[in-house]
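*Asks:* Just dropping this structure here.
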Amino acid sequence: MTSSTPSRGAATWTLLSLAIGSFGIGMTEFVVMGLLPQISADLLPDLTAADPEAAIAQAGWLISLYALGVVVGAPTIAASVAKYPRHRVMLGLAAALTLFNALTFLMPTFEMVAASRLLAGLPHGAYFGIGALVAADVLGPGSRAKGAAFVLTGLTLANVVGVPLGTFLGQQLGWRVAFAIVAGIFALATVLIGLFVPAHAGDPDRTLRAELRAFGMPQVWFAIGIGAIGFGGFFAAYSYIAPVVTDVAGELPEWAVPVVLVLMGLGMTIGNLVGGHLADIDLKRTLLVGFVLFIAVQALLALTAVWIVTLGVFVFALGAVTSALSPTIQSRLMGVAGDNQSIAAALNHSALNIGNALGAFLGGLVIAHGFGFVAPIWVGLVLAIAGLALTLVSFTLEARRPVAVPA
């Protein structure tokens, strides 16, 4: 069986195998956010005893380090392996994700856990980027955004099931249990990819040097900036959602955190699927309207976070609008990158994780300076406005100086 002629059943198993891996990525990336109090208490006990808010802010570095791994690994790995068969690359990436997440489960100190998070982030972007190319090939012509959205479905479903469950189990049994589950999910994905992802030939003519030419295209940089700065707004709010629930919204018990995370995950799942569909119809309008809604939701969330009902409503809405933007930005990157598709598909995840690192850092900074747990949401609002502004500049320059953008 070749990648161009899969049967319906074979295509389903291919997509399912890829989605299980993306489920694991979604869980490993986001479960940290719901377990920051437990992680800081375990790995930073002295600081927790002296200043709990400062300890949580320092534990937030684990989010930034994972994101840094994605930023570094996505373009370098994707560009380096573009000439190799994609099914073999995906198998190797899934195996690496299994190993590095097992290290997070096993490492005894904050410094060693931090190193394992950096390593775990390295294969993330290449997995999604190359997986999106495989999925788009399976789905057929004209389905670039849908292919990206399907692979991302595992990530969004992780926020419905995996992250809340991992958070609950981490609260009850210790945060390391969550990462033991993550490592097991990646081990399963590795087996399934080996069994069901068909041969997808690489491009022998695509060298690292050739793929890196994408960085010479101004619109590629604009697309990276839109994802990085805009999504920094999402991660500033999401990274510290646990203390917002327990300390701001009526001082709710810890079990309320997984409930709020389920709402976020439901919003992300719906938004991802809708965004992939709309982006294939009208990418520019989807991007602009998405950012306007993103800004509005951030403002409403910040203003009403003290009430649990409105907190739940706007957390759901935040997940929906930001996940609608994700496949849209990926499709935009792939559109402006010309022949450099492998690196373009992965660069979206570099961009989003620059936003992850930026949002988590700035959110932790305002908390550490005593502005409270709602302050990161206001930081997110500012970053979302900057993302919209950059989008408008990109489209304006493109209109003045048209470039050939593949459909």
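The values are calculated or read from the model by the stated rules, or taken from the named source; none is laboratory data. Keep in mind the model is a prediction, meaning the values are calculated, not measured. Here the Cβ is made from the backbone with ideal geometry for all residues, glycine too, and neighbour counts use every protein chain on show. The accessibility values were calculated without ligands, DNA or RNA, using every heavy atom of the protein model including side chains. Shrake-Rupley method; radii C 1.70, N 1.55, O 1.52, S 1.80 Å.
*Asks:* Which whole-number value in Å² is the accessible area per residue of the range 341-388, probe 1.4 Å?
*Replies:* Numbers: 1440 Å² over 48 residues.
Accessible area per residue, the range 341-388: 30 Å².
*Asks:* With a 10 Å cut-off between alpha carbons and a GNM built on the chain, which of Val244, Val259, Val182 moves the most?
*Replies:* Val259
*Asks:* May I pose another question? So, with +1 on the Cβ of K and R and -1 on the Cβ of D and E, and no other charges, what is the size of the charge dipole of the range 45-188 about its Cα centre, to the nearest 20 debye?
*Replies:* Values: 7 positive and 5 negative charges, 148 e Å.
Charge dipole of the range 45-188: 720 debye, to the nearest 20.
*Asks:* With springs only between Cα atoms under 10 Å, which of Pro123, Pro108, Pro164 fluctuates most in a Gaussian network model of the chain?
*Replies:* Greatest mean-square fluctuation among the candidates belongs to Pro108.
*Asks:* Taking the convex hull of the alpha carbon atoms in the range 1-116, what volume per residue do you get, in Å³?
*Replies:* 108 Å³
*Asks:* To the nearest 20 Debye, how big is the dipole of the chain about its Cα centre, given +1 on the beta carbon of each Lys and Arg and -1 on that of each Asp and Glu?
*Replies:* Charge dipole, the chain, about its Cα centre: 1240 debye, nearest 20.
*Asks:* Let me ask something else. Okay, helix-only estimate at 222 nm for the chain: each DSSP H run of n ≥ 4 adds -39500 (n - 2.57), divide by all residues, round to 500 deg cm²/dmol; what do you get? List each step's numbers first, then the result.
*Replies:* Numbers: 18 runs with 320 residues, N = 407.
Computed ellipticity for the chain at 222 nm equals -26500 deg cm²/dmol.
*Asks:* Taking only Cα atoms of the range 316-404, what ratio of Rg to Rh do you get with Rh as the Kirkwood inverse-distance radius? Mind showing how you got there, number by number?
*Replies:* Values: Rg = 15.7 Å, Rh = 14.9 Å.
Answer for the range 316-404: 1.05.
*Asks:* I've got another one for you. Any chance you could give the angle, 0 to 90 degrees and rounded to 10, that helix 256-281 forms with the longest Cα principal axis of the chain?
*Replies:* 20 degrees
*Asks:* I've got another one for you. Give the carbon-plus-sulfur fraction of the accessible surface of the range 282-403 in %, rounded to a whole number; probe 1.4 Å, heavy atoms of protein chains only.
*Replies:* Numbers: 3430 of 4520 Å².
Here it works out to 76 percent.
*Asks:* Nearest 10 degrees is fine. How inclined is helix 110-121 to the longest principal axis of the chain, computing both from alpha carbons?
*Replies:* It works out to around 30 degrees.
*Asks:* Based on Cβ point charges of +1 for Lys and Arg and -1 for Asp and Glu, what charge dipole magnitude is obtained for the range 210-323 about its Cα centre, in debye rounded to the nearest 20?
*Replies:* With Lys and Arg at +1 and Asp and Glu at -1, about 360 debye.
*Asks:* Taking Rh as the Kirkwood radius, which is the inverse of the mean 1/r over Cα pairs, what is the Rg/Rh value for the chain?
*Replies:* Over the Cα atoms of the chain, Rg/Rh equals 0.96.
*Asks:* Which net charge results when you count Lys and Arg as +1 and Asp and Glu as -1 among the other residues whose beta-carbon is under 14 Å from that of Val292? Present the calculation step by step, with values, prior to reporting the outcome.
*Replies:* Values: positive: Lys284, Arg285; negative: none.
Around Val292, the charge tally is +2.
*Asks:* Follow-up question, since we're still on this one. In degrees from 0 to 90, rounded to the nearest 10, what is the angle of the helix 308-336 Cα long axis to the longest principal axis of the chain?
*Replies:* Between helix and principal axis, roughly 30 degrees.
*Asks:* Then there's this: Set Lys and Arg Cβ to +1 and Asp and Glu Cβ to -1, take the dipole of the chain about its Cα centre, and tell me which of Leu397, Ile270, Met33 lies farthest positive.
*Replies:* The residue sitting most towards the positive pole is Leu397.
*Asks:* Say we join alpha carbon atoms closer than 10 Å with springs in a Gaussian network model of the chain; which of Thr190, Thr48, Thr396 then has the biggest fluctuation?
*Replies:* Judging by the Gaussian network model, the answer is Thr396.
*Asks:* Shifting gears a bit: With a ≥ b ≥ c the root eigenvalues of the C-alpha gyration tensor of the range 13-77, is it rounded (a/c under 1.5), prolate (a/b larger than b/c) or oblate?
*Replies:* Oblate.
*Asks:* Given the range 184-255, what whole percent of its Cα pairs are spread farther than 20 Å?
*Replies:* Taking all Cα-Cα pairs of the range 184-255, the fraction more than 20 Å apart is 69 percent.
*Asks:* Determine the per residue accessible area of the range 262-307 with all protein chains present and a 1.4 angstrom probe, expressed in square angstrom.
*Replies:* The answer is 45 Å² per residue.
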